[in-house]
Structures are given as C-alpha cells and as structure tokens.
1. Under 8 Å between Cβ atoms, at least 6 apart or on separate chains: pull out the pairs that start in the stretch 186-203 with a residue that is aromatic (Phe, Trp, Tyr) and end on any residue that is open to solvent by 30 Å² or more (accessible area, probe 1.4 Å).
2. So which residues in the stretch 1-15 are farther than 14 Å from residue 239 by Cα and surrounded by 10 or more Cβ atoms within 10 Å (Cβ to Cβ), if there are any at all?
3. Within the stretch 333-350, which residues are open to solvent by 20 Å² or more (accessible area, probe 1.4 Å) and at pLDDT 85 or above?
4. Here's a check for you: in the stretch 49-74, which residue that is open to solvent by 50 Å² or more (accessible area, probe 1.4 Å) and aliphatic (A, V, I, L, M) is farthest from residue 124 (Cα to Cα)?
5. Just checking, how many residues over the stretch 333-344 are assigned to a helix (DSSP H, G or I) and of a type in the set (A, V, I, L, M, F, W, C)?
6. Quick one: would you say residue 382 is open to solvent by 20 Å² or more (accessible area, probe 1.4 Å), on the phi > 0 side of the Ramachandran plot and not hydroxyl-bearing (Ser, Thr, Tyr)?
7. Given the criterion at pLDDT 80 or above and within 25 Å of residue 351 (Cα to Cα), identify the matching residue among 288, 263, 280.
8. If you check residue 105 against the conditions, is it in contact with a Cys (Cβ under 8 Å, 6 or more places away or on another chain) and at pLDDT below 85?
Amino acid sequence: KASQQTDPRTYAYIARLEDEGLIVSLAERVQQYYTRKEEKSAAARAALLRIEFMYYKHDKVANSLRRSAFLKKEFGAKSMSHPACVPSSPAAIDASVSHPAAALGYPSTDIEDKDIGGEIKDLASFIFANGDARMMTRAMLCHIFHHALHGRFYEARDLLLMSHIADRPESTDIATQILFNRTITQIGLCAFRMGLYSEAKDCLSRICERNKHRELLAQGRRNNVRWHDRDQAQEREEKRRLIPFHQHINTELIECCQLTSVMLIEIPQLAKPSSYPFKMSFTFQNVMDRFERLVFNGPPESSREHVYGAAKALREGDWRTCSKLLLSLRRVWSLLPDFDSPKALLVEKTKESALKTFIFTNSSQYDAISMQNLVENFELSRKKIHSIISGLMIKRHLQGSWDQNAENVIMHNRE
C-alpha cells in the first residue's frame, strides 16, 4: 500500500523499497516460529509472503540488494562514509589528516550469493504440502514467472501445462488472474528472447489483443467509460489492485515484441496464394490499417511505426530494411537482458521470413530460381535455404521441385 501511494519518481519510493528486505526477513522468522508450533497453515501463509517478494527479481538483482542491505546494516549508509574512502590512489592518503585505513576504500563484504531459484522451489514445495488451493496456485505462478525471467522457457512451460492453471484462469480470484496474466507475459518475453516467435506470439497476443494489456496486468486503469458514469466503489477496488511501479513489465516492450512476432509469422502467411485462407491477428491488422489510411508517412517515431515500416519492407522481401528498422529500437531492446543473442536470432528469422515471402509472392513469375541468387540476396547458407524451401514443398505450400544438383528450384506454375 505504501508503494502504491508513493510517487515512484521520488527518493521516498526508493527508501521504501529498502524495507522489502526487512519484511522478507520478518516473514522468514514468522514461518520458522509457526513451523516449530506445528501450525503449518499459518507457516504456509508466511512462505507465500516471502515468495511474492522474491519471484519478480532476477537472481543477480536479488543478491546485489542482499549485499547492499548487509553493508548498510553493518557499516551504515554509504553516504555517511568519509570522503577519503575514494582516493585517486593509496599514496594520496595523508596519514596526518585522515585515517590510514581509508586507503582500503569503502567497506566490502565477501558473503556468498544465495540460490534464489532453489529457495523459491523449496518455498513452493512447502506451500504445496501445507497450503490451500489459492496459495498453491499463486506459489506455482510465482515459480513459473521466476523460471521465465531467467530464460528457462521449457521449464516454465512444462510447469504451466502440468499445473492446468491455464485451463480455467477465470475461476480464480482477480488478484490471482492478474498474477496469471503477468506470468503469461513473462513466458512470452522469454520465448521472444530465445527466438521462439510462434510461442511468443501466442502468449503475448493473449494479453495485447483489444489493447487492454495495461488493465490486464494491473499497471493502469480504464480511462474511458463511455455509456455510464464510473462507479466510485469499483474505481477504489481497481486502485487497490494496481501493481507497484517497481514490479511493472514495460508495456512498450510487450507491445513491440508481440507486433514483431506477429509480423515475422503472419507476413509470409499472407503472401501465400489465395487458396490458403488466413486470418491476421486483430492487433496487427489494426496497426496496419491505421497506417495504410495515412496520406503521408513520415519517418517512423514510435515503436509501432517502426514495426509497420519493417512489415512493409518484409512484404517486399527486403530483409535488410526490415532488420534495420527493428534494430533501431535500441531503447526498447535495451530492456531485454543480454540482447546480443536475441538480436542475432531476430536478424536470422527476418531473413527466413523474407525468403518465404519472396518465394510465395514471385514463384508464379519464374520458371526456375537459382540457389546462388538466393544465397547472395538473403545471406543464408545453402543448407538453410534448401531446408526452408523443401519444407514448403512438403506442406504443399509451394508447387516446385529441385533439379538433380539442387542448384535451382524448378517452379510448377499452375495454369
């Protein structure tokens, strides 16, 4: 409640966040007390409180905060240290003026990093053994979220499927539905980082369709109620459910990843012959239609405009322009941890989608297409191009065959 009522742009908000460590430590002692008293249900509630303060932090961040809290507890605030603790060199210390120990710099600690993932797993197991159905559901969602946050997509997906939470999420209370939406979003972002764009599209489209992701993630409220006045009681309930700012998932990143995934999957599908009907995603179709109606299109500014420009280039098979526009969103992609690997996967997928779009769009104009030209134009290996085109032939999306030496694609154009 204090985080909800405090402006996140102020120092008071940051100071309040430092109290989370105290709450977690207190909850741990409470859990140990109730465990000794053999009141397992109360101990499970304390364990759930601990897990809900831990699941959304990366292990590196959690251990950094732990070391910082330890230093502050032992040596006080860093701002209260003597200025001589940051000398240009040890020789600059004048023992007659300042203490010689200041040459050692600020106090440090050698405490070992904690296995946060293992601790969350143990807490979740304790809750499964002693908690009620709601507590078990929330503990499982927190555990899945933590897996996805660290790039363990398959572990997160398998846990979600085994738990059957996704079968009927609407049967839970609203707070648990919000946690479920946050978990699905994090799984989608994890899939995007791993280059699993079809899975990312499925997860993120579930949240971003109808442009209600801020409300579904409890990171904002509805600003327009058209046909009736806003109910004051309902408005107060919505305010109480809002997620504190430090737990937010960047909505621009979510939207950009969702639109990019849809573009890479659906643009080649739209380029197929009309005998293969296909329905485009509502959100992506809305973005495309909005920009198609514009008389003049200036240079892209927002992330949506960049994705739209990339989609126009991809429809023409121009993977270079498409990649350039996507990678120019440095401010958005910087929110992804270690974007070097996702960047390479994104460029590779762009080449593959551009190749499929080119084949579908222009196959009727050619009697044969040279493998060497495809290699030069799309900068893919011969093995990769052969695999993609052969897959299209097997699925009967392309009427063609390879010549004897696999140097040309022979087109069997329909009359």
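1. 197/265; 197/349
2. Answer for the stretch 1-15, where residues must be farther than 14 Å from residue 239 by Cα and surrounded by 10 or more Cβ atoms within 10 Å (Cβ to Cβ): 8, 10, 12, 13, 14, 15.
3. First, the residues of the stretch 333-350 that are open to solvent by 20 Å² or more (accessible area, probe 1.4 Å): 334-335, 337-341, 343-345, 347-349.
Once the filter is applied, which keeps residues that are open to solvent by 20 Å² or more (accessible area, probe 1.4 Å) and at pLDDT 85 or above, the stretch 333-350 yields 334, 335, 343, 344, 345, 347, 348, 349.
4. Only one residue tops the list, namely 69.
5. Filtering the stretch 333-344 for residues assigned to a helix (DSSP H, G or I) gives 333, 340-344.
This time we only want the ones that are of a type in the set (A, V, I, L, M, F, W, C), so: 333, 344.
The total comes to 2.
6. Numbers: open to solvent by 20 Å² or more (accessible area, probe 1.4 Å): yes; on the phi > 0 side of the Ramachandran plot: no; not hydroxyl-bearing (Ser, Thr, Tyr): yes.
For residue 382, the condition - open to solvent by 20 Å² or more (accessible area, probe 1.4 Å), on the phi > 0 side of the Ramachandran plot and not hydroxyl-bearing (Ser, Thr, Tyr) - is not met.
7. Numbers: 288 fails: at pLDDT 80 or above; 280 fails: at pLDDT 80 or above.
None of the others qualify; the one that does is 263.
8. On the way: in contact with a Cys (Cβ under 8 Å, 6 or more places away or on another chain): yes; at pLDDT below 85: yes.
So residue 105 fits the description; yes.
The values are calculated or read from the model by the stated rules, or taken from the named source; none is laboratory data. The structure presented is a predicted model; accordingly, all values stated were derived computationally and were not measured. So basically every Cβ, Gly included, is an ideal-geometry build from the backbone, and we count neighbours across all protein chains shown. The area values use the complete protein model at the heavy-atom level, side chains included, leaving out ligands, DNA and RNA. Shrake-Rupley method; radii C 1.70, N 1.55, O 1.52, S 1.80 Å.
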